[in-house]
Amino acid sequence: MNLTMRVPLESFVKLFREMGVLEYRYFVKHSIQVANIATEVADRLKLPFEKDEVYLSSLLHDVGLILKVSIGNYELFVEMFGKIPDMERIVLTLDKNDHHSVISWMVVSQIPLCSDCSKSILYHHTPYQKINEKDSIVTLSNCVKTADVISLKLLKYTGSDKELDAESIDEIISSIQKDQGIIDEVKKAAVYLLKDFTKHHLFLEEEPQFHSEKMLSLEEYNHYAMILSALLDFRSPYTRSHSFAVARVSKLLAEEILGEADAALAFTASLLHDIGKIKTPLSILHKKGRLQASEMIIMKRHVVDTYYMLERAGLRLFSLISAAHHERLDGSGYPTGLKGDQMPFLQKLIQICDVFSALTEKRPYRDPVEIHEALDIIEQEAINGKLDGFIVQKLKEIANNLDLREEISFKHVFEELFKDRVDEVIQMISLMSKMI
């Protein structure tokens with residue numbers, strides 16, 4: 001009997017799918033199309049890789065584009081993402097040097113995928129003749145490249161909710177056949193797929209064709225949760241380190257009070273605590289003045305969205321902890337008005353970490369406060385019966401021994417995502433040095 005807490009790998013893909021709204025509408029659709037198509041082609045060619053790993057590598061082939069563009073040119077990021085279905089145009093406009101392929105690979109290389117599969121991300125824009133790897137990696141990379149080409153054209157044809165017609169299919173097939181950078185056997189498999197109407201759901205529908213029985217430890221799953229958190233936080237310059245900061249402080253507190261097992265649980269739940277905010281419009285997140293009553297309804301809804309997104313992904317334990325971060329001990333919080341004795345310890349802990357992190361971050365309506373001031377405000381909230389006084393005092397003790405400003409810094413986000421590759425990424429992303 002194994003009583004170790006495990007998390008379904010499939011839940012990551014389900015959550016990724018749910019993030020296909022607003023700015024990420026076309027990005028997520030494209031990512032799923034590429035994963036569906038590349039996996040089918042690779043499977044038809046009987047490549048020697050696990051299907052799960054091929055799918056996940058293909059799904060995340062463009063994740064570095066978000067990280068680079070939202071920092072390097074945020075105004076254009078907001079202007080183009082979610083409004084323009086032509087992902088090729090977005091890449092050519094915002095990443096002419098193809099840095100996003102390298103950044104994507106650097107992110108994915110940190111998660112528990114086979115290194116060979118993740119290498120296909122590096123070469124998803126590269127003609128096969130220019131790839132200096134073993135044959136299986138060259139072919140897999142070419143599968144992703146071909147799937148990428150098909151999806152880019154599909155989005156152009158169907159981005160305005162048009163149906164894919166016969167002429168469009170012929171044009172896609174012709175472009176694949178004429179592409180000198182695609183291996184003949186990959187061309188044949190891709191054209192076969194395009195001609196097989198029973199397979200068109202792989203790219204015409206927006207549902208991931210991913211089914212896995214794999215279960216991951218919390219430590220393994222956190223690599224995936226960090227990618228989701230990065231996509232969420234990088235939507236806005238005001239939240240670029242928020243989920244990571246909450247997770248970091250939650251982990252420090254839980255380790256001090258409860259031990260490593262609970263700290264791992266707190267870390268994952270914190271990474272996902274705001275996932276529902278992906279559906280909150282930037283016009284509300286960026287408003288400089290007080291929110292109107294109707295706007296506050298939309299803002300508060302993010303905790304409900306968090307709950308249901310995690311539930312639909314099969315992550316009930318996290319949904320119960322994560323969605324309670326705006327509840328308060330005296331019953332004045334939301335969404336359900338829980339009171340102190342109705343809440344487990346980790347819910348109370350993440351509430352405090354969320355408030356602390358938010359206070360120390362810049363918002364459109366105020367500057368960040370100093371660490372000591374944030375602690376004073378939280379302590380007063382504990383005195384007023386809203387937050388747990390014991391946890392607040394433990395946070396103050398940690399603050400006396402650690403530089404919490406450094407622990408929750410933007411640079412720490414990149415250290416979590418890229419590990420020993422941080423300096424390489426910083427060199428590739430313009431403006432990065434000014435923000436760290």
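The values are calculated or read from the model by the stated rules, or taken from the named source; none is laboratory data. Note that the structure is predicted; figures quoted are calculated from it, not measured. A quick note on method: Cβ atoms are made from the backbone with ideal geometry, for glycine too, and the neighbour counts reach across all protein chains shown. Surface areas here come from the heavy atoms of the whole protein model, side chains and all, with no ligands, DNA or RNA. Shrake-Rupley method; radii C 1.70, N 1.55, O 1.52, S 1.80 Å.
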query = Looking at the range 1-38, which of its residues are open to solvent by 10 Å² or more (accessible area, probe 1.4 Å) and assigned to a helix (DSSP H, G or I)?
reply = E10, K14, R17, E18, L22, E23, R25, Y26, K29
key: the range 111-130 residues that are within 18 Å of D43 (Cα to Cα), paired with ones that are of a type in the set (G, A, S) and open to solvent by 40 Å² or more (accessible area, probe 1.4 Å) (beta carbon under 7 Å, 6 or more apart)   = S118/S109
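The rows are residues; the columns are (1) at pLDDT below 95; (2) more than 19 Å from R363 (Cβ to Cβ); (3) among the polar types (S, T, N, Q).
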{"residue": "R290", "(1), (2), (3)": "yes, no, no"}
{"residue": "M296", "(1), (2), (3)": "no, no, no"}
{"residue": "V303", "(1), (2), (3)": "no, no, no"}
{"residue": "T306", "(1), (2), (3)": "no, yes, yes"}
{"residue": "H325", "(1), (2), (3)": "no, no, no"}
ask   = Given the conditions (1) under 24 Å from Y26 (Cα atoms); (2) within 19 Å of the chain's Cα centre (by Cα), which single one is not true for A190?
value = (2)
task = Output the number of residues of the range 107-133 satisfying the condition of being open to solvent by 10 Å² or more (accessible area, probe 1.4 Å) and not in a loop (DSSP other than H, G, I, E, B).
result = 7
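Filter the range 39-88 for residues that are under 17 Å from E23 (Cα atoms) and basic (K, R); which is surrounded by the most Cβ atoms within 10 Å (Cβ to Cβ)?
Taking the range 39-88 as the starting set, the residues that turn out to be under 17 Å from E23 (Cα atoms) are 60, 62-88.
Next cut, basic (K, R) only: 68, 83.
Numbers: K68: 25, K83: 12.
Among those residues, the one meeting the criterion is K68.
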ask   = Do you know which residues across the range 213-225 are open to solvent by 10 Å² or more (accessible area, probe 1.4 Å) and either assigned to a helix (DSSP H, G or I) or among the aromatic types (F, W, Y) (or both)?
value = L218, E219, E220, N222, H223
message = For the condition hydrophobic (A, V, I, L, M, F, W, C) and either more than 28 Å from V303 (Cα to Cα) or in contact (Cβ under 8 Å) with a residue 40 or more places away in the chain (or both), what is the one hit in L387, L375?
response = L387
ask   = Which condition number in (1) of a type outside the set (F, W, Y); (2) open to solvent by less than 50 Å² (accessible area, probe 1.4 Å); (3) assigned to a helix (DSSP H, G or I); (4) at pLDDT below 95 is the one that L228 fails?
value = (4)
request  = Mind listing whichever residues of the range 57-116 are within 18 Å of V144 (Cβ to Cβ) and either in contact with a Cys (Cβ under 6 Å, 6 or more places away or on another chain) or of a type in the set (K, R) (or both)?
outcome  = S57
task = Name the residue, out of S151, S136, S104, that is part of a helix (DSSP H, G or I) and under 19 Å from the mean Cα position of the chain (by Cα).
result = S104
query = Exactly one of (1) more than 24 Å from D98 (Cβ to Cβ); (2) open to solvent by less than 40 Å² (accessible area, probe 1.4 Å); (3) among the acidic types (D, E) is unmet by E171. Its number?
reply = (2)
Residue pairs meeting the criteria (Cβ under 9 Å; at least 6 apart or on separate chains; first under 21 Å from K348 (Cβ atoms), in the range 390-413; second surrounded by fewer than 13 Cβ atoms within 10 Å (Cβ to Cβ) and not acidic (D, E)) = A399/H372
